[in-house]
1. If I fit a long axis through the Cα atoms of helix 123-140 and take the longest principal axis of the Cα atoms of the chain, what angle between them do I get, 0 to 90°, rounded to 10?
2. Within a 10 angstrom radius of the beta carbon, how do H285, H317 rank from fewest other beta carbons to most?
3. Would you indicate which of [x] 23.8; [y] 25.7; [z] 24.8 is the value of Kirkwood radius over Cα pairs in Å derived from the coordinates of this structure?
4. In nanometres, what is the gap between the two model label sites at D301 and E209, each 7 Å from Cα along Cα-to-Cβ?
5. Of K119/K417; K43/K147; K66/K90; K201/K298, which sit over 25 Å apart, Cα to Cα?
6. Can you work out ³J(HN,Hα) from phi for every residue in region 25-41, in order, using Karplus 6.51 cos²θ - 1.76 cosθ + 1.60 and θ = phi - 60°, giving whole Hz and x for Gly and Pro?
7. How much length is gained if the chain between D386 and E139 is pulled fully straight, taking 0.36 nm per residue apart and subtracting their Cα-Cα distance, in nm to one decimal?
8. Within the chain, what's the longest stretch lacking GluC sites (Glu not before Pro) that sit in DSSP loops with no more than 12 other Cβ atoms inside 10 Å?
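What follows is calculated from the coordinates using simple rules that are stated; it is not laboratory data. Everything numeric here is computed off the predicted structure, so don't read it as measured data. We place every Cβ from the backbone using ideal geometry, glycine too, and count neighbours over all the protein chains shown.
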Amino acid sequence: MNKNSTIVNNIMQIQSEAFKNTYQEVKTDWISQRIDNFNPDDKREFEQRYMSNLEFYNNSGLAFLKLGGENGITESKIGNTMNPLLILAKKYGAACFCLEHRFFGASQPFEDLSIKSYKYLTINQSLADIKNFIVHMNEVFFSGIEKPRWILFGSSYSGALAAWFREMNEDLTIAAIVSSGVVQAEVDYYDHTKNLEYVLKEENAPCAETIRLSMKALIEKTYTADGRAELGKVFNMCEPFTEPPISKDIQFFLANVLSVFGGFIQYAGGCRLPDVSYFCNLIIHDTDGIGIIWNAWKIHDKVFQSEECFDPSYENHLEDLSDISFMDNEFASYRSWLWLSCTELGFFTTTNNGKSIFGSSVSLDYFIDKCMDVFDVQYDAERVRDGVRNTLRTFGGYDNYKGSNTIFVTGSYDPWKSACCLNCTDVTRNVYSFIIEGGSHCTDSCSVDFFNLPALDDYRIFLDEKIEMFIAESSTTNDSYNSKNNNNNNKTIKTAQQ
């Protein structure tokens with residue numbers, strides 16, 4: 001076994017140790033939600049999945065709600081006792097809940113993912129779901145509590161949801177903890193690539209230069225038939241590039257190459273991978289040229305468990321994304337996220353940031369064309385820009401956050417940091433921005449026994465102090481609490497059907 005295989009297997013072993021547990025305290029249930037929260041004449045409903053963990057609840061009237069985002073929810077979110085959220089729940093006696101986002105995971109309003117169905121996949125519909133959930137749980141679980149106290153937790157997109165919900169519903173929540181919350185919608189998010197380059201140069205400048213030369217060689221290979229044939233062999237393509245080449249196929253391939261580096265650096269020093277220098281040692285070992293990119297590619301596939309041949313056909317990719325079924329469809333979450341990107345959020349990770357170590361490999365046109373190809377020609381650049389402008393107008397972005405009791409935490413190495421609230425501190429409203437030096441995307445949410453950074457200790461102390469303050473300021477009497485609920489083991493959560 002070579003050095004690369006040994007290192008990667010060690011990473012995977014660490015990951016499997018973290019995720020192999022079963023979480024007996026976590027219960028799964030469903031709540032009936034309206035398909036259209038804003039049309040009183042539309043009585044249609046769907047079942048939204050949520051999970052609960054009452055292991056540490058001590059009749060405090062305190063609840064931690066972890067918001068689901070662009071993927072289905074899992075028990076580990078509120079079941080892993082090494083999760084920072086669970087550690088806080090144990091200290092403060094909080095009930096824990098995790099609510100799945102509509103159109104992701106098992107929370108499907110319709111039997112398909114058609115454009116007609118996606119009319120109801122919006123940020124505002126999701127925020128209304130959260131409100132309905134809290135109101136419902138106040139009635140059926142906290143019925144004896146004068147004023148239940150909810151703290152929201154969200155990461156990345158769901159972090160933005162947590163911030164926006166707190167801003168709009170301060171009567172229902174006492175605080176929001178926003179991890180890498182991407183509150184600044186942006187059509188052309190070339191800062192992602194710029195930030196990737198910054199991290200590489202900051203952590204390992206020779207590695208960054210090696211990647212630049214390797215990417216230059218890779219892109220040059222796409223210009224000739226012999227070069228494309230070589231790429232087909234090196235990158236284990238299911239079929240070689242067609243000749244003459246289709247430009248979309250080349251862009252699709254290069255976009256996937258860029259996503260490999262994005263995936264590694266996004267999680268470096270955090271939940272999935274060690275630091276960037278460790279990553280560089282993995283890919284540069286005993287090779288050069290395009291072999292470095294291939295090393296990154298195959299290690300990425302193994303770590304992220306997607307070891308199959310690569311189909312370079314953009315048309316086949318579109319066919320996968322155009323599948324409107326969702327049962328056993330691995331592309332369902334990606335399709336739903338693409339819809340949100342094309343209609344409200346943007347966040348297309350291009351290389352339009354000028355001179356870059358990754359070259360000018362991925363254009364905005366590639367993503368805009370994908371919006372039109374997957375959904376409809378009406379979802380063109382103007383439509384995408386209008387949607388993003390409306391999101392910023394509605395929620396304000398990072399320059400106009402009006403909420404209170406909110407903590408925005410971001411890693412200094414997070415490629416998404418340019419969309420986060422890095423300078424939102426306003427002590428008069430108890431709003432704080434905290435940057436974890438050396439941290440990446442959602443590093444603060446990682447299990448506390450997972451590749452810890454020294455700066456995380458400072459943040460966790462800070463977070464604990466602020467949560468204690470938020471709880472103290474919101475203290476309410478719970479004398480009317482029904483004594484029959486005093487036994488934690490007898491607590492049940494009623495669904496909407498009960």
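1. 30
2. Values: H285 14, H317 20.
In increasing order of surrounding Cβ atoms, one gets H285, H317.
3. [x]
4. For the pair D301/E209, the computed spacing is 3.1 nm.
5. Working: K119/K417 30 Å; K43/K147 29 Å; K66/K90 15 Å; K201/K298 23 Å.
Over 25 Å apart, Cα to Cα: K119/K417; K43/K147.
6. Values, residue by residue: 6, 8, 10, 9, 8, 9, 10, 6, 10, 6, 5, 10, 6, 10, 10, x, 7 Hz.
7. Between D386 and E139, full extension yields an extra 85.0 nm.
8. On the way: sites that count: E111, E146, E307, E308, E330.
Longest stretch, sites excluded: 331-498.
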